[in-house]
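Taking it in order: structure first as structure tokens, then the write-up.
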Amino acid sequence: MAYGIQWVRSLVFAFQSYLVMLIMAIFYAPWAAFDRRGAIAAVHAWCRYVRWSASWMIGLKSEVRGEVPTDEVMVASKHQSFFDIIILCSVLPSPKFIMKKSLTYAPLVGWYGKRIGCVAVDRGKRGQAIKAMVQQVRSGTRDPGQLIIFPQGTRVAPGVKKEYKVGVSVLYQELDAPVVPVAVNVGVFWPRQRIYREPGLAVIEFLPRIDRGLEKRAFLAQVEDVVEHHSTKLMAEAGFHVEA
């Protein structure tokens with residue numbers, strides 16, 4: 001009975017979240033069309049609304065730990081769920097992504113993605129995205145902000161092992177920017193491709209930044225070590241224990 005009630009609450013929560021997304025996207029569109037700050041304001045407003053509504057509609061509270069970066073950095077985050085993106089974008093001053101090119105055709109989402117400075121790339125062609133980012137840096141046309149990248153390349157369920165891809169280390173060297181690793185436990189409560197949401201405390205944690213100058217393999221090993229270690233600790237706090 002309790003599961004069924006929570007499932008219905010989760011369904012209502014999901015429906016109203018996307019409805020509010022549509023309303024906010026239309027409301028902010030005139031400002032966003034002429035000023036990137038309008039698009040960023042829309043993203044902040046919706047993500048903060050989702051966090052707030054999740055806390056009382058489905059009992060899923062969220063918490064941000066560590067120092068939130070406000071300068072020009074790369075953010076290398078564990079990615080377990082859409083909710084970790086929402087939390088990241090609710091607190092980063094100017095978030096942007098390397099996103100799938102197919103998303104550029106999604107109504108409103110693709111347009112807002114381009115307006116906040118995301119770079120679109122065909123799946124499997126991340127090398128093109130890296131070249132585009134580097135070219136934008138050198139030409140001075142890249143929008144400033146915090147570039148969010150997921151080192152494993154996709155959402156990975158809690159407890160599942162997946163390699164960290166070399167693309168993040170290439171970006172680290174080519175863009176010559178410090179990297180802020182991020183650990184999460186969000187997937188414990190907000191699983192992929194399911195309506196049901198567990199009540200609890202979803203946490204993302206900004207970890208100490210990794211400065212410029214490391215060799216690619218050393219950098220990738222350090223990112224993987226700190227993100228996996230701290231994500232495992234956060235998941236254990238939530239009652240999910242990863243097998244060694």
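The values are calculated or read from the model by the stated rules, or taken from the named source; none is laboratory data. Not measured: the values here are computed from a predicted model. Using ideal geometry, Cβ is built from the backbone for each residue, glycine included, and neighbour counts are taken over all protein chains shown. In case anyone asks, the SASA skips ligands and DNA or RNA and just uses the protein heavy atoms, side chains included. Shrake-Rupley method; radii C 1.70, N 1.55, O 1.52, S 1.80 Å.
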request  = Could you list, in sequence order, all residues of the stretch 209-230 that are in a loop (DSSP other than H, G, I, E, B) and touching a residue at least 12 places away in the same chain (Cβ under 8 Å)?
outcome  = 209, 211, 212, 214
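Having 2 or more residues that are closer than 26 Å to residue 172 by Cα and open to solvent by less than 30 Å² (accessible area, probe 1.4 Å) is the bar; report the strands (runs of 3 or more DSSP E) wholly within the stretch 1-102 that clear it.
On the way: elements: 60-65, 73-77, 95-100.
Those strands (runs of 3 or more DSSP E) span 73-77, 95-100.
Does residue 211 satisfy the condition of being among the charged types (D, E, K, R) and at pLDDT 90 or above?
Values: among the charged types (D, E, K, R): yes; at pLDDT 90 or above: yes.
Spelling it out, residue 211 is indeed among the charged types (D, E, K, R) and at pLDDT 90 or above.
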Residues within the stretch 187-218 that are buried (at least 17 other Cβ atoms within 10 Å of the Cβ), closer than 27 Å to residue 2 by Cβ and among the aliphatic types (A, V, I, L, M), tallied = 3
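When you scan the stretch 172-196, how many residues do you find that are within 17 Å of the chain's Cα centre (by Cα) and not polar (S, T, N, Q)?
The total comes to 13.
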key: Counted residues, the stretch 216-243 - those being within 17 Å of residue 157 (Cβ to Cβ) and among the aliphatic types (A, V, I, L, M)   = 6
note = Flagged pairs (Cβ under 7 angstrom, 6 or more apart or on separate chains; first in the stretch 231-244, open to solvent by 40 Å² or more (accessible area, probe 1.4 Å); second modelled with pLDDT under 80 and outside any helix (DSSP H, G or I)) are 232/242
